[in-house]
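Colleague: For reference, the structure I am asking about is given below.
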């Protein structure tokens, strides 16, 4: 199985090698790959951020339901955690603005 995977990867790299021989100047129909990939990166960052925030909120609510006396500390930790999770998207957006503009 490993040999088959290794041979498949080698064949793919052998076929894909002319891609790296392209000249740096693109010409009239050059594609702005930075703008395209920045859209994908913000989409991935936003998706992961949403999943992480949902999981953190679910865990905090479950913790508050199990131990109501600790709800203040759990709520504070949740707010700090959500702020740090949201900063992932904000940092990604700053990097995109620096690279694209």
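A short reminder: the numbers here are calculations on the coordinates, not readings from a lab. Just so we're clear, the structure is a prediction, and the values are computed from it rather than from any experiment. Heads up, the Cβs are rebuilt from the backbone with ideal geometry, glycines too, and the neighbour counts pull from every protein chain shown.
Colleague: Which of (1) over 16 Å from residue 41 (Cβ atoms); (2) surrounded by 11 or more Cβ atoms within 10 Å (Cβ to Cβ) does residue 83 not meet, given it meets every other one?
Modeller: Against the list (1) over 16 Å from residue 41 (Cβ atoms); (2) surrounded by 11 or more Cβ atoms within 10 Å (Cβ to Cβ), residue 83 comes up short only on (2).
Colleague: Could you check the stretch 39-80 and list, in sequence order, the residues that are within 17 Å of the chain's Cα centre (by Cα) and either in contact (Cβ under 8 Å) with a residue 12 or more places away in the chain or surrounded by 14 or more Cβ atoms within 10 Å (Cβ to Cβ) (or both)? Even if it seems obvious, please write down each step before you answer.
Modeller: Narrowing the stretch 39-80 to residues within 17 Å of the chain's Cα centre (by Cα): 39-55.
If the condition is that a residue be within 17 Å of the chain's Cα centre (by Cα) and either in contact (Cβ under 8 Å) with a residue 12 or more places away in the chain or surrounded by 14 or more Cβ atoms within 10 Å (Cβ to Cβ) (or both), then 41, 42, 45, 46, 48, 49, 52, 53 are the ones that fit.
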